[in-house]
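Q: I have a structure I would like to understand better, so I am pasting it below and will then ask my questions one at a time.
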Amino acid sequence: MKKIYLLLSVFAVLIIASGCKKYLDVNTDPATPQEVSSKTLTPPLFAQMERGIQFDSRYLGGLIQYFGGAVNVGEQHGWIAGSDAMGEIWRTNYFGLGANLNLIIEDSEAKQEWNYVGMAQALKAWSWQTTTDYHGEIILKQAFDVNRYVYDYDTQPEVYAEVVKLVNQSISNFTRTDGAGTVVKFGPADLIYAGDNAKWIKFNYGILARNANNLVNKATYDPAKVIEYVDKSLASNADNFIVPNTGTTAINGNFFGPLRANLGAYRQTAIIVALLDGTSFAVANTPLVIDPRRNNMITVSPDGVFRGTAPYTSDAGTVANKNQIPNQWGSLGSANPGPNQGKYLFKDNAGFPIMTYTEMQFIKAEAAFRKKDFALAYTAYINGITSSIDFVSALGTAITPAEKAAYLASTSVQQSSATLTLRDIMLQKYLALYGYGFVETWCDLRKFNYNVGDAAGNNPYLNVYKFPSSFYVDNGGKPAQRYRPRYNSEYLWNVEALKKIGADKNDYHTYKMWFSQP
């Protein structure tokens, strides 16, 4: 009996132990694995990139005058105390991408999946570049130290150097043929380039081009190096980095689309209208030239006239009459046209560009012009306009070859390198990046001190970009140069570090960036 009792007791203990393990180990679930692979982590990252830029564009879009309507203080170059309204790029960098990219690198290095490592490094480089160009000084070295609760800020030169280092590491990993990099299929998880390592390398060089070309006011600026980077970057619109949106529901739809209903109160602006109707490129005693991109990008008022808002004014945009200014979807007032009834980049299923061939060509044109290689600058300038027309044509009513040729032969486009100016290049770039190049366009405006001019006296935005009649009260009469660090993660928990960089001051957002200064 004792033997039988002992055997039953042992059996019971084993059953209980087994049952307890299953009951208590609540974190073991085959449907939600705790060690997530790189291929699982990767696809959502692209949505985070899009989300960060688009969320913050609601304010930045007003500042750079892509969006209008006096909807918020963005048009006044202001900020909102105690608000995270302008902190989505920050959140993307540190939360949406940051730790996830670190996990991918750790997981994929252990498995020698060098394509995933390269991808994660490229996205980290893009994120650091975007975040520092938006905020200035940011947390770099201590960013992901989980043992800290106070984090020190690093300088822009340090962040710019980190971007270059990460890009070079990424390029190196994308060219490796050892390990599992050529065995593990990268394509299914890669929603952008379908596993094409060569295109990822081009994207990396595009990041380098941005990084180097932001420094035009510095003695170290090297236009030849910028041109080299561009020539190794995106080679056509087929290389564009575009985050796809299915657009069937609000969850998988474009943030700018009608289903998400985020832009109903925003208006098209006077600066965009003037670029598209030829006013900004007007030549004396010559009729204005209508840009063939106009009907695809903006919308006519009920009386048949194209109108846009002046900085921080609603104009007729909220008034139901024939002069009413349409919103970005092409509707009047705040009317929502319905699923996929918007236009251009403001449709539910429109992809969001992170980087385009058009942008690269205008960067090259600027660098070549500063290098005084005017023939090269002219070629890149024409490439930029041509590729922009093709890009816009694909997002709406097709622009015919005849319409395209007529515009390229018009007075709105310079006909030779002898007459090309930096103004021509920068205004066409500003127009081409409408609706997506928010941070890049802001970098350009700050490089030239908005409508004041750069260190060399170039002033392409004179009489085109107009400041609001008054800046936000905290600005002290100065334009914005940066946005503050994210409120909830910094102004609540990291105040002492903020004080060291002056971010506790009311006018901190008007402090000039390192990259834009001589």
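The values are calculated or read from the model by the stated rules, or taken from the named source; none is laboratory data. On a predicted model such as this, the values are computed, not experimentally measured, just so you know. Using ideal geometry, Cβ is built from the backbone for each residue, glycine included, and neighbour counts are taken over all protein chains shown. Just the protein is used for accessible areas: all its heavy atoms, side chains included, with ligands, DNA and RNA removed. Shrake-Rupley method; radii C 1.70, N 1.55, O 1.52, S 1.80 Å.
Q: Any idea which of (1) in contact (Cβ under 8 Å) with a residue 60 or more places away in the chain; (2) of a type in the set (S, T, N, Q); (3) out of contact with any Lys or Arg (no Cβ under 7 Å at 6 or more places or on another chain); (4) open to solvent by 10 Å² or more (accessible area, probe 1.4 Å) is the one residue 356 doesn't satisfy?
A: That leaves (4) as the condition not met.
Q: Right, another one. Looking at (1) outside any helix (DSSP H, G or I); (2) under 21 Å from residue 237 (Cβ atoms), which one does residue 388 not meet, given that it meets all the others?
A: Status for residue 388: all satisfied but (1).
Q: Right, here's the next one. Does residue 466 satisfy the criteria of being in contact with a Phe, Trp or Tyr (Cβ under 6 Å, 6 or more places away or on another chain) and in contact (Cβ under 8 Å) with a residue 12 or more places away in the chain?
A: Criteria not met by residue 466.
Q: Let me ask something else. Out of the residues in segment 221-265 that are under 30 Å from residue 340 (Cβ atoms) and charged (D, E, K, R), state the one that is most open to solvent (accessible area, probe 1.4 Å).
A: 260
Q: Determine, yes or no, whether residue 198 is out of contact with any strand residue (DSSP E or B) (no Cβ under 7 Å at 6 or more places or on another chain) and modelled with pLDDT under 95.
A: It is false that residue 198 is out of contact with any strand residue (DSSP E or B) (no Cβ under 7 Å at 6 or more places or on another chain) and modelled with pLDDT under 95.
Q: Restricting the search to segment 392-430, which residues are surrounded by fewer than 21 Cβ atoms within 10 Å (Cβ to Cβ) and within 30 Å of residue 135 (Cα to Cα)?
A: If the condition is that a residue be surrounded by fewer than 21 Cβ atoms within 10 Å (Cβ to Cβ) and within 30 Å of residue 135 (Cα to Cα), then 422, 423 are the ones that fit.
Q: Now a separate question. Any residue at all in segment 351-371 that's assigned to a loop (DSSP other than H, G, I, E, B), charged (D, E, K, R), closer than 30 Å to residue 447 by Cα and at pLDDT 95 or above?
A: Yes, segment 351-371 contains a residue that is assigned to a loop (DSSP other than H, G, I, E, B), charged (D, E, K, R), closer than 30 Å to residue 447 by Cα and at pLDDT 95 or above.
Q: Now for a separate question. Name the residue, out of 459, 449, that is of a type outside the set (Lys, Arg), touching a residue at least 40 places away in the same chain (Cβ under 8 Å) and surrounded by fewer than 22 Cβ atoms within 10 Å (Cβ to Cβ).
A: Answer to the selection: 449.
Residues checked against (1) more than 20 Å from residue 345 (Cβ to Cβ); (2) part of a loop (DSSP other than H, G, I, E, B); (3) modelled with pLDDT under 95:
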| site | (1), (2), (3) |
| --- | --- |
| 192 | no, yes, no |
| 202 | yes, no, no |
| 209 | yes, no, no |
| 212 | yes, no, no |
| 220 | yes, yes, no |
| 230 | yes, no, no |
| 233 | yes, yes, no |
| 252 | no, yes, yes |
| 258 | no, yes, no |
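Q: Give the residues of segment 359-378 that are open to solvent by 10 Å² or more (accessible area, probe 1.4 Å) and either of a type in the set (D, E, K, R) or free of Cβ contacts under 8 Å to residues at least 12 places away in the same chain (or both), sorted by residue number.
A: Residues satisfying the conditions are 364, 370, 371, 372, 373.
Q: Separate question: Restricting to segment 267-281, count the residues that are open to solvent by 30 Å² or more (accessible area, probe 1.4 Å) and touching a residue at least 40 places away in the same chain (Cβ under 8 Å).
A: Residues that pass the stated criteria total 1.
Q: Any idea which residue in segment 332-353 is surrounded by the most Cβ atoms within 10 Å (Cβ to Cβ), counting only those that are within 20 Å of residue 66 (Cβ to Cβ) and in contact with an Asp or Glu (Cβ under 8 Å, 6 or more places away or on another chain)?
A: Selected residue: 342.
Q: If you don't mind, another one. Do we have residue 492 as open to solvent by 40 Å² or more (accessible area, probe 1.4 Å) and not β-branched (Val, Ile, Thr) here?
A: Here the answer is yes, as residue 492 does meet what is asked.
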